[in-house]
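Below you'll find the structure, written out as structure tokens, and then a few comments.
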């Protein structure tokens, strides 16, 4: 006699075709869970239910926690990560997928992956952080990488710090950790001059003391710089005499003997350089510097080799213009999807400017106007990576280059988008040309693919229109 299975609505297994779907169902429902975790974040506490067997199969740490001789029997407390991070960790264990939305989130998950010995998840988080490194977040990522001993991530941070030292160190509110600033000063190639480097280091010491409630006396500032190991890494002998007098000498952090000795050393270097003399440098083996040396006060750098100045070459990927297609005005949002087959750093975009208003006669036609366009860079999930308000004075009926507030790295093979919100005015109709543009361009052995969309009338829906290209070129570096 055959047995009949009665489906009372609870037999969810019948709809799951493979083990992946079944495991995911267990994660969503917590059915048959046999362990729990109480995760306490800074402002939130959540309890997660899970299955010992699934956890143990994913991590040797979980295996010890679930089945080892000291296995936890009650609810396990987790106090060193946020609930959202632990949820992502569990989702990865049950689904083999991870969805990261920010560097802060990726850093938290990377910490969790290292804690529970899950190298594949750690690699994914590390790649996300490297891909999304920018001047605005490099200091926080650097400190995190140092804390969790991620050497590869540290190297990526140092590269960004060297290329954007001026932008990072001079940004409003920027206050690097002593280690981060010391690391910058140890580099032989930066995009900032020695005099500027001294000024930002001095400002750092002032802010450091302000945060500690201390005065900014020259003696106190000097003490702070010495304690952080910064003073000996400043290359005074790479400055001009004028820069030295305007900076270090005027700051008051030098004793009279040090000031005199450094001034004499600088003058000696300039005199010998002017007659083609060669000096000896004790740091030759470290800096590959020719035989130069000068007498400097103890504790100060005797390096006379200026740091190499890093410059970033920018290129334009220009789309072939075929002909103007239509004009648009009113409530218009334009979207240009961009994909490159190599990793590039995008710093700007070139677009079409307005047409001359029809209301103007040929005798009163203005040549320029003040633009007001909002430009956002989105990732493939629609998250905003950078937002720029372009308000420059530009010419009518030409091209204008929008420099992004922050450069964005486009990973190879991934799609990103430029979203343009055109200005509106109840009294005037601002007309913009949209043109037939090439959908694929290759420049410097890098292929860029474009796909243009438009939301006309503020409907909220973007429609693909191959005849409505607005982006003329992408500005990038490699």
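The values are calculated or read from the model by the stated rules, or taken from the named source; none is laboratory data. Because the structure is predicted, anything quoted here is derived from the model rather than measured. Quick reminder, even Gly has a Cβ in these numbers, built from the backbone with ideal geometry, and neighbours come from all protein chains shown.
Only helices (runs of 4 or more DSSP H) whose full extent lies in region 193-300 are considered here, and the ones with at least 3 residues that are at pLDDT below 90 are 256-274, 284-287. Of all residues in region 191-213, at least one satisfies being out of contact with any helix residue (DSSP H, G or I) (no Cβ under 8 Å at 6 or more places or on another chain), without any contact (Cβ under 8 Å) to a residue 60 or more places away in the chain and under 22 Å from residue 301 (Cα atoms).
Checking each residue in region 382-423 for being over 21 Å from residue 136 (Cα atoms) and outside any strand (DSSP E or B) picks out 391, 392, 396, 397, 398, 412, 413, 414, 422, 423.
Determine whether residue 162 is touching a helix residue (DSSP H, G or I) at 6+ places or on another chain (Cβ under 8 Å) and in contact (Cβ under 8 Å) with a residue 40 or more places away in the chain. Yes. Whether any residue in region 436-454 is over 20 Å from residue 339 (Cα atoms) and either in contact with a strand residue (DSSP E or B) (Cβ under 7 Å, 6 or more places away or on another chain) or not assigned by TED's automatic domain parsing to the domain that holds residue 355 (or both) is what I want to check. Within region 436-454, not a single residue is over 20 Å from residue 339 (Cα atoms) and either in contact with a strand residue (DSSP E or B) (Cβ under 7 Å, 6 or more places away or on another chain) or not assigned by TED's automatic domain parsing to the domain that holds residue 355 (or both). Just give me the residues in region 83-103 being under 18 Å from residue 142 (Cα atoms) and either in contact with a helix residue (DSSP H, G or I) (Cβ under 7 Å, 6 or more places away or on another chain) or at pLDDT 95 or above (or both), in sequence order. Residue satisfying the conditions is 103 alone. The residues listed here are 400, 325; of these, the one that is surrounded by 15 or more Cβ atoms within 10 Å (Cβ to Cβ), within 30 Å of the chain's Cα centre (by Cα) and within 29 Å of residue 447 (Cα to Cα) is 400.
Restricting the search to strands (runs of 3 or more DSSP E) fully inside region 312-356 and requiring at least 2 residues that are modelled with pLDDT of 90 or more and within 23 Å of residue 191 (Cα to Cα) gives 315-318, 344-352. Among the residues making up region 453-476, those that are modelled with pLDDT of 70 or more, within 21 Å of residue 319 (Cα to Cα) and part of a strand (DSSP E or B) are 453, 454, 463, 469, 471, 472, 473, 474, 475, 476. For residue 17, the stated conditions hold: it is assigned to a loop (DSSP other than H, G, I, E, B) and either at pLDDT below 85 or assigned by TED's automatic domain parsing to the domain that holds residue 96 (or both). Of the numbered conditions (1) in the same structural domain as residue 22 (by TED's automatic domain parsing); (2) over 28 Å from residue 404 (Cβ atoms), residue 127 fails exactly one; give the number of that condition. Answer for residue 127: the failing condition is (2). Among 167, 155, which is surrounded by fewer than 20 Cβ atoms within 10 Å (Cβ to Cβ), in a helix (DSSP H, G or I) and touching a residue at least 12 places away in the same chain (Cβ under 8 Å)? Only one candidate passes the filter, namely 167.
The single condition among (1) within 22 Å of the chain's Cα centre (by Cα); (2) without any contact (Cβ under 8 Å) to a residue 24 or more places away in the chain; (3) assigned to a loop (DSSP other than H, G, I, E, B) that residue 174 does not satisfy is (2).
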